[in-house]
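Everything on this sheet refers to the single structure shown next.
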Amino acid sequence: MTKLYGAIEAGGTKFVCAVSDADLNIVERVQIPTTVPAETMAQVFEFFDKYTVEAIAIGSFGPIDVNKNSATYGYVTTTPKKGWANYNFLGDMKAHYDVPYVWTTDVNVAAYGELKRGAAKGCQSCLYLTVGTGMGGGAVVNGKVLEGFGHPEMGHITMRRHPEDKYEGYCIYHKDCLEGLTCGPAVEERAGGVKAYDIPKDAKDWEIEAYYLAQACMDYTLILSPEKIVFGGGVSKQEQLFPMIRESFKEQMKDYVATPDLDDYIVHVELGDDAGITGCLLLAMEEAAK
Ligand code: ADP
Ligand code: ZN
């Protein structure tokens with residue numbers, strides 16, 4: 001019998017569930033809208049009921065509790081998303097399937113996917129940043145996803161303001177944190193309601209966006225020294241951002257740290273929308289082999 005592995009990429013807009021064999025051949029993959037847990041999870045269970053898997057890895061939107069010593073380990077914690085705050089995601093899964101689990105963030109599994117099969121292949125460490133509806137980051141350090149008492153919340157770091165940026169910021173907690181200044185909705189609000197993909201490629205808005213993303217790359221470089229910084233998410237589809245981020249990074253870093261060549265250091269995802277699910281499947285395989 002072919003051994004099978006399960007993956008759930010749980011996003012705030014949609015869930016992707018997949019089952020594959022040990023060579024990452026996908027047996028089945030589905031997308032489920034993220035509504036309320038009762039509805040969404042019923043479809044998740046309907047999907048996995050069809051298979052016997054060796055292990056399941058879940059990369060979830062957050063914040064989530066990843067601290068194994070915590071009473072609420074496996075819960076989605078403080079999300080404003082209706083019905084999901086204090087939801088015992090992992091517990092609910094375990095009640096249905098008694099298999100080994102990996103439980104981490106959506107950005108950590110994407111970082112892992114890119115490290116093993118994507119833009120950071122061959123590296124031992126990488127940083128994955130997504131700029132979409134929100135802004136966040138995950139990391140792999142020495143081959144392991146990065147967690148501490150909880151998981152990093154890289155999108156909410158404090159920013160030095162671009163001198164010409166008058167936009168107040170989108171974050172409901174901090175206003176002008178990194179997410180508040182760079183996520184898709186922030187880009188659109190700064191531009192007066194223009195859709196991000198309709199903003200001219202030579203607009204000042206992109207210079208401002210690149211300045212903040214470069215500043216974030218500099219800070220993460222100083223803290224983590226990743227071998228690669230990989231950008232995903234809808235906003236990063238604006239390819240003109242990459243040379244601008246690299247240039248601004250160089251200006252802001254002032255050559256203090258000698259990084260790898262910036263063209264190879266700050267790059268776009270290679271696996272695209274498959275980064276997360278690939279990372280989950282690989283983590284599930286590793287967990288099953290323990
Ligand atoms: P999510 O974060 O919900 O998983 P995305 O990564 O696609 O989804 O992020 C959606 C955000 O990205 C929207 O705010 C949208 O403005 C922005 N976005 C999507 N596609 C593009 C694009 N081609 N260029 C610029 N911005 C985009
Ligand atoms: Zn914030």
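The values are calculated or read from the model by the stated rules, or taken from the named source; none is laboratory data. In this text, all values refer to a predicted model and were calculated from it rather than measured experimentally. Methodologically, a virtual Cβ is constructed for each residue, glycine included, from the backbone with ideal geometry; neighbour enumeration extends over all protein chains shown. Areas reflect the complete protein model, heavy atoms only, side chains present, ligands, DNA and RNA absent. Shrake-Rupley method; radii C 1.70, N 1.55, O 1.52, S 1.80 Å.
Counting the residues of the stretch 170-186 that are within 15 Å of ligand 1 (Cβ to nearest atom), surrounded by fewer than 23 Cβ atoms within 10 Å (Cβ to Cβ) and closer than 18 Å to residue 219 by Cβ gives 1. Here residue 144 meets the list (1) in contact (Cβ under 8 Å) with a residue 12 or more places away in the chain; (2) away from ligand 2 (no atom under 15 Å from the Cβ); (3) open to solvent by 20 Å² or more (accessible area, probe 1.4 Å) almost entirely, failing just condition (1). In the stretch 201-217 there is no residue that is within 13 Å of ligand 2 (Cβ to nearest atom), open to solvent by 40 Å² or more (accessible area, probe 1.4 Å) and farther than 25 Å from residue 112 by Cβ.
Checking each residue in the stretch 111-139 for being polar (S, T, N, Q) and either closer than 17 Å to residue 263 by Cα or open to solvent by less than 20 Å² (accessible area, probe 1.4 Å) (or both) picks out only 125. Residue count for the stretch 168-199 satisfying the condition of being assigned to a loop (DSSP other than H, G, I, E, B), touching a residue at least 24 places away in the same chain (Cβ under 8 Å) and over 12 Å from residue 212 (Cα atoms): 1. The residues listed here are 230, 235; of these, the one that is within 24 Å of residue 104 (Cα to Cα) and in a helix (DSSP H, G or I) is 235. Just so you know, in the stretch 218-235 the residues that are touching a residue at least 60 places away in the same chain (Cβ under 8 Å) and more than 20 Å from residue 121 (Cα to Cα) include one that is least open to solvent (accessible area, probe 1.4 Å), and it is 235.
Restricting to the stretch 68-109, name every residue that is open to solvent by less than 60 Å² (accessible area, probe 1.4 Å) and of a type in the set (S, T, N, Q). Listed by number, the residues that qualify are 70, 72, 77, 79, 88, 104, 105, 108.
Of all residues in the stretch 147-167, those being open to solvent by less than 50 Å² (accessible area, probe 1.4 Å) and touching a residue at least 60 places away in the same chain (Cβ under 8 Å) number 4.
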